Amino acid sequence: MIKTRITEMFGVERPIVQGGLMWIARAELAAAVANAGGMGFMTALSFGDPEGLRAEIRKCRQMTSKPFGINLTFLPTLRPPDYPAFIRVCIEEGIKFIETAGRNPEPYMAQLKSAGIRVIHKCTSVRHALKAEKIGCDAVSIDGFEAAGHPGEDDVTSLILVPLTRDALKIPIVASGGFADGRGLVAALALGADGMNMGTRFVAVQEAPVHENVKRALVEHGELDTRLIMRSLRNTERVMHNPVVDKVLEIESKGNTKIEDLIPYVSGLVGKTKMLEGGDTQAAILSAGQCMGLIRDIPTCKELLDRIMAEAEAILKEKFAGICR
Ligand code: NAD
């Protein structure tokens, strides 16, 4: 058993956090992660409106008695959400922890804190992590450049970002970006983190509610098969390479890009319909991290987390004990 400030603070058995995967982090996945002892999340914006989120929270409660959290992402979006209404639903439904991401959550901190909700803020730089601590976040998830989705614009990898964040902050931190196995968990702890976050790895699990082709694609693609799109908009997203991605990069290479030029290719709703539900992995974009190179199977969440913990404990107890004299 590995106990850290993250397991203690959030009341989970294992220091493994499931990333807020837009459209994918639904009740089936969050409940499976929670039941396997990890920190499961559902992503609020996946459910259209606050009442959709309420229904999914109730569904998740039927699937697990363990705590799970809600991810609230404040990045640019084609359908601007009513964030305070989403937070009201979380409070009414008794959610105990929320992951904020994308932008400074300060406008919502009073609402969250007055309800006793713990906030873990995901960010991509030490300066943003410091700000999160200053405004009262309970923990920070620090996202290295290897990560899927939006890794920021600084391009600092986890190997540098995690220890720098540890040195700068007093509150617990979670290492995110590039983590997929027990070796990663030990590395995260060695770098000063109190836990690790995995996003892409949790898409290639049995319980992830996406088409099998998507899971198989993550197994078949390697560490070289990601690309960075929307750099020209300073909203960089790391995605799995395919022809749609090449089309986006071709448009961006012409300069003076506007989001309107990219919408037909990057729209989340298109990705949900064509790829996540339809199974056409060539027809839309999919956030994916460099850790695809480490994904070789499609286990259940319990199999995955059992394996990660066993691998991490073996390294700590056997390998390290054997070489440290
Ligand atoms: P969407 O359909 O609203 O937008 C598609 C993409 O275009 C997203 O990457 C979005 O950030 C970007 N975008 C939209 N308007 C923009 C603008 N004005 N300027 C620059 N970029 C713009 O996206 P969705 O799939 O419905 O996702 C909803 C939200 O969740 C978005 O903010 C998205 O970025 C975010 N998300 C985050 C992650 C992550 O890694 N944290 C992964 C997937 C989605």
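The values are calculated or read from the model by the stated rules, or taken from the named source; none is laboratory data. As the structure is a computational prediction, the values presented were derived from the model and not from experiment. Cβ atoms come from the backbone with ideal geometry, glycine included; neighbour counts cover every protein chain shown. SASA here: full protein model, heavy atoms, side chains in, ligands and nucleic acids out. Shrake-Rupley method; radii C 1.70, N 1.55, O 1.52, S 1.80 Å.
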Out of all the residues in segment 97-151, which are part of a helix (DSSP H, G or I) and of a type outside the set (A, V, I, L, M)? GLU106, PRO107, TYR108, GLN111, LYS113, SER114, ARG127, HIS128, LYS131, GLU133, LYS134
Looking only at segment 233-258, count every residue that is open to solvent by 60 Å² or more (accessible area, probe 1.4 Å) and either within 12 Å of the ligand (Cβ to nearest atom) or farther than 21 Å from ALA217 by Cβ (or both) and tell me the total. 6
Since ARG103 meets every condition but one in (1) modelled with pLDDT of 95 or more; (2) in contact with a Leu (Cβ under 9 Å, 6 or more places away or on another chain), which condition does it not meet? (1)
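Residue-by-condition table, conditions (1) under 14 Å from ASN213 (Cα atoms); (2) in a helix (DSSP H, G or I); (3) touching a Leu at 6+ places or on another chain (Cβ under 9 Å):
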{"position": "ASP246", "(1), (2), (3)": "no, yes, no"}
{"position": "ILE263", "(1), (2), (3)": "no, yes, yes"}
{"position": "LEU269", "(1), (2), (3)": "no, yes, yes"}
{"position": "THR281", "(1), (2), (3)": "yes, no, no"}
{"position": "LEU304", "(1), (2), (3)": "no, yes, no"}
{"position": "ALA310", "(1), (2), (3)": "no, yes, no"}
Pairs needed: first member in segment 237-251, assigned by TED's automatic domain parsing to the domain that holds LEU218; second member anywhere, surrounded by fewer than 20 Cβ atoms within 10 Å (Cβ to Cβ) and among the acidic types (Asp, Glu); C-beta distance under 7 Å; at least 6 residues apart or different chains. MET240/ASP225; HIS241/ASP225; ILE251/ASP261
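Would you mind stating whether GLU93 is more than 27 Å from ARG58 (Cβ to Cβ) and free of Cβ contacts under 8 Å to residues at least 60 places away in the same chain? Talk me through it step by step, then tell me what you get.
Values: more than 27 Å from ARG58 (Cβ to Cβ): no; free of Cβ contacts under 8 Å to residues at least 60 places away in the same chain: yes.
When the stated conditions are applied, GLU93 does not pass them.
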Top-ranked residue in segment 174-193 [being open to solvent by 20 Å² or more (accessible area, probe 1.4 Å) and in contact (Cβ under 8 Å) with a residue 40 or more places away in the chain; ranked as nearest to CYS137 (Cα to Cα)]: LEU189
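Looking only at residues in segment 77-106 that are within 27 Å of ASP167 (Cα to Cα) and within 16 Å of the ligand (Cβ to nearest atom), which one is surrounded by the fewest Cβ atoms within 10 Å (Cβ to Cβ)? Walk me through it before giving the result.
Taking segment 77-106 as the starting set, the residues that turn out to be within 27 Å of ASP167 (Cα to Cα) are 97-106.
Going one step further and asking which of them are within 16 Å of the ligand (Cβ to nearest atom), we end up with 98-105.
Values: ILE98: 26, GLU99: 28, THR100: 27, ALA101: 22, GLY102: 21, ARG103: 14, ASN104: 16, PRO105: 26.
My answer is ARG103.
Residues are listed down the side, and each one gets a yes or a no for (1) aromatic (Phe, Trp, Tyr); (2) exposed (fewer than 12 other Cβ atoms within 10 Å of the Cβ); (3) farther than 24 Å from LEU224 by Cβ:
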position: GLU277; (1), (2), (3): no, no, yes
position: ASP297; (1), (2), (3): no, yes, no
position: GLU313; (1), (2), (3): no, no, yes
position: GLY322; (1), (2), (3): no, yes, yes
In segment 132-179, how many residues are more than 16 Å from the ligand (Cβ to nearest atom) and under 20 Å from GLU223 (Cβ atoms)? 5
Anything in segment 1-31 that is among the polar types (S, T, N, Q) and either at pLDDT below 95 or more than 16 Å from the ligand (Cβ to nearest atom) (or both)? List them, or say none. THR4, THR7
So PHE74 fits all but one of (1) surrounded by 18 or more Cβ atoms within 10 Å (Cβ to Cβ); (2) within 16 Å of the ligand (Cβ to nearest atom); what number is the exception? (1)
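Yes or no: GLY52 assigned to a loop (DSSP other than H, G, I, E, B) and either closer than 22 Å to VAL203 by Cβ or more than 16 Å from the ligand (Cβ to nearest atom) (or both)? Explain how you work it out, then say what you get.
On the way: assigned to a loop (DSSP other than H, G, I, E, B): no; either closer than 22 Å to VAL203 by Cβ or more than 16 Å from the ligand (Cβ to nearest atom) (or both): yes.
It is false that GLY52 is assigned to a loop (DSSP other than H, G, I, E, B) and either closer than 22 Å to VAL203 by Cβ or more than 16 Å from the ligand (Cβ to nearest atom) (or both).
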